[in-house]
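*Asks:* Handing you a structure now.
The values are calculated or read from the model by the stated rules, or taken from the named source; none is laboratory data. These numbers come from a predicted model, not from an experiment. Cβ placement follows ideal geometry from the backbone for every residue including glycine, while neighbour counts extend to all protein chains displayed. All accessible areas refer to the heavy atoms of the entire protein, side chains included, with ligands and DNA or RNA removed. Shrake-Rupley method; radii C 1.70, N 1.55, O 1.52, S 1.80 Å.
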Amino acid sequence: MVNVAILGFGTVGSGVAEVIHKNGQHISERVSNQIALKYILDIRDFPESIFAGQIVHDFSVIEQDPTVGVVVETIGGATIALDYTRRALMAGKSVVTSNKELVATHGYELMQLAREKNVSYLFEASVGGGIPILKPIRTCLAANELSEITGILNGTTNYILTRMIRAGLSFEEALREAQANGYAERNPAADIEGHDACRKICILASLAFGRQISPDQVPTEGITSITLADVEYAKSAGMKIKLLGRAIRREADGKVCAYVAPHLVPDESPLANVEGVFNAISVVGDAIGDVMFYGQGAGKLPTASAVVGDVMDAAKHMCYLKSNCWEAGGPEVVFSQEEVASAWYARVAGEEPVEGARKLSAAQGEPGESAWLIEGALRPAEVRARLAGREVKNLYRVLG
């Protein structure tokens with residue numbers, strides 16, 4: 001028997017408990033071992049819940065129980081969750097998490113600790129919710145030299161942009177609708193400012209390219225400056241605006257550039273047609289070419305599905321290490337997005353022509369402004385030089 005403890009009984013934690021309870025027999029049969037939920041750690045009591053008898057308030061109860069083999073961390077953040085994860089691993093327990101912030105900032109340290117203790121540290125649900133992506137990168141695509149990952153990694157921002165495109169809502173109106181529908185938090189900063197996508201692209205890049213990429217190495221821009229005029233200008237060019245996380249490996253030296261920013265995506269690209277709260281992640285390998293993973297990127301049961309999949313993986317391998325892995329990072333691992341060339345979209349004050357650019361038209365363009373598609377492959381410094389002397393309202397890459 002493998003006893004499981006869940007840390008945190010919020011949306012994801014309660015979903016994990018529900019999946020284990022509902023599908024317990026099927027799960028146990030698949031791993032040839034009985035999986036049992038023994039504890040749920042939370043500061044609250046849940047007297048009406050069917051899991052009320054499993055609620056505990058002191059982590060040391062779990063830490064000191066030798067019968068607990070797998071700890072599921074769904075607390076979030078990188079403070080208490082970090083402390084509990086370290087202690088669980090030190091106690092010889094495998095840890096499964098959906099906590100993208102913790103993995104992005106402390107993944108290397110925690111994987112090293114798991115190795116030392118010969119246990120597992122798994123986090124499939126930290127990227128893409130219920131979309132299988134980390135395991136395919138680690139196993140199915142292992143024979144490939146991966147060169148690029150590009151993804152719509154945040155369902156909240158994708159929903160907002162979809163509503164701006166489809167319904168003509170302003171950013172503020174679309175955000176309020178997302179909050180009313182439960183797709184955005186009361187404080188949506190982590191989503192709309194790009195921090196959530198930043199953490200996810202860090203994890204993807206670290207796993208794909210083998211070295212820790214930290215959030216402070218990833219330039220990040222959100223969607224708060226996007227207007228309906230930008231949406232209209234993009235439409236006139238046959239494109240849609242999407243918030244993308246990207247990680248590009250440079251062949252010459254193996255260094256990685258990772259960043260998060262709005263992009264204009266051509267309508268013919270599969271990413272342009274990913275709408276609502278759905279996520280999609282494109283991975284490029286030298287043998288496989290371009291493959292895309294698509295599905296619900298968040299939600300109680302989709303995320304819980306990924307978490308329980310990791311619980312099953314850990315339970316199958318209780319006698320030896322089953323873990324994601326990458327090596328330590330550092331400044332020598334990355335190169336700047338200033339070195340990445342692309343075509344560009346620019347919305348500027350005034351009508352003065354821009355060298356080598358095509359003027360875009362839009363029904364909702366603001367008076368006294370103009371928008372330009374700067375074609376070719378230009379680095380940021382070259383684009384800024386062409387726009388010198390102008391007030392630049394928005395400047396976005398075109399995905400090519």
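*Asks:* Restricting attention to the stretch 268-277, does a residue exist that is part of a loop (DSSP other than H, G, I, E, B), surrounded by 19 or more Cβ atoms within 10 Å (Cβ to Cβ), modelled with pLDDT of 95 or more and touching a helix residue (DSSP H, G or I) at 6+ places or on another chain (Cβ under 8 Å)?
*Replies:* Scanning the stretch 268-277, I find at least one residue that is part of a loop (DSSP other than H, G, I, E, B), surrounded by 19 or more Cβ atoms within 10 Å (Cβ to Cβ), modelled with pLDDT of 95 or more and touching a helix residue (DSSP H, G or I) at 6+ places or on another chain (Cβ under 8 Å), so the answer is yes.
*Asks:* With respect to R390, determine if the residue is assigned to a strand (DSSP E or B), open to solvent by 30 Å² or more (accessible area, probe 1.4 Å) and either in contact with a strand residue (DSSP E or B) (Cβ under 7 Å, 6 or more places away or on another chain) or of a type in the set (G, A, S) (or both).
*Replies:* No: the conditions fail for R390.
*Asks:* Please go through the stretch 1-17 and give me each residue that is open to solvent by 70 Å² or more (accessible area, probe 1.4 Å), part of a helix (DSSP H, G or I) and not hydroxyl-bearing (S, T, Y), ordered by number.
*Replies:* Within the stretch 1-17, no residue meets the criteria.
*Asks:* Got a sec? Which of A234, A247, A261 is surrounded by fewer than 21 Cβ atoms within 10 Å (Cβ to Cβ), modelled with pLDDT of 95 or more and hydrophobic (A, V, I, L, M, F, W, C)?
*Replies:* A261
*Asks:* May I pose another question? Residues of the stretch 25-69 being closer than 18 Å to D313 by Cβ and open to solvent by 80 Å² or more (accessible area, probe 1.4 Å), which ones?
*Replies:* H26, E29, R30, S32, Q34
*Asks:* Based on what the data block shows, is I137 touching a strand residue (DSSP E or B) at 6+ places or on another chain (Cβ under 8 Å), β-branched (V, I, T) and crowded, with 16+ Cβ neighbours inside 10 Å?
*Replies:* Here the answer is yes, as I137 does meet what is asked.
*Asks:* Counting only residues that are buried (at least 24 other Cβ atoms within 10 Å of the Cβ) and among the charged types (D, E, K, R), which one in the stretch 192-207 is farthest from T162 (Cα to Cα)?
*Replies:* Top of the filtered list is R199.
*Asks:* Continuing with this model, one more query. Could you tell me whether the stretch 326-339 includes any residue that is more than 27 Å from the chain's Cα centre (by Cα) and among the β-branched types (V, I, T)?
*Replies:* So far as the stretch 326-339 goes, no, none of its residues is more than 27 Å from the chain's Cα centre (by Cα) and among the β-branched types (V, I, T).
*Asks:* Let me ask something else. For the list (1) assigned to a loop (DSSP other than H, G, I, E, B); (2) within 21 Å of the chain's Cα centre (by Cα); (3) not aromatic (F, W, Y), I need the number of the one condition that E251 fails.
*Replies:* (2)
*Asks:* Can you tell me which of G295, G365, G299 is at pLDDT below 90, among the small types (G, A, S) and touching a Gly at 6+ places or on another chain (Cβ under 8 Å)?
*Replies:* G299
*Asks:* It is to be established whether one or more residues within the stretch 208-228 are in a helix (DSSP H, G or I) and crowded, with 22+ Cβ neighbours inside 10 Å.
*Replies:* Within the stretch 208-228, one or more residues are in a helix (DSSP H, G or I) and crowded, with 22+ Cβ neighbours inside 10 Å.
*Asks:* Against the conditions (1) closer than 17 Å to I201 by Cα; (2) within 17 Å of the chain's Cα centre (by Cα); (3) buried (at least 20 other Cβ atoms within 10 Å of the Cβ), where does G295 fall short? Just the number, please.
*Replies:* Failing condition for G295: (3).
*Asks:* While we're on this one: Taking interchain pairs and intrachain pairs at least six residues apart, which have beta carbon atoms under 6 angstrom, with the first residue in the stretch 18-31 and at negative phi and assigned to a helix (DSSP H, G or I) and the second surrounded by fewer than 17 Cβ atoms within 10 Å (Cβ to Cβ) and at pLDDT below 90?
*Replies:* That search, which allows pairs on different chains as well, returns V31/K316.
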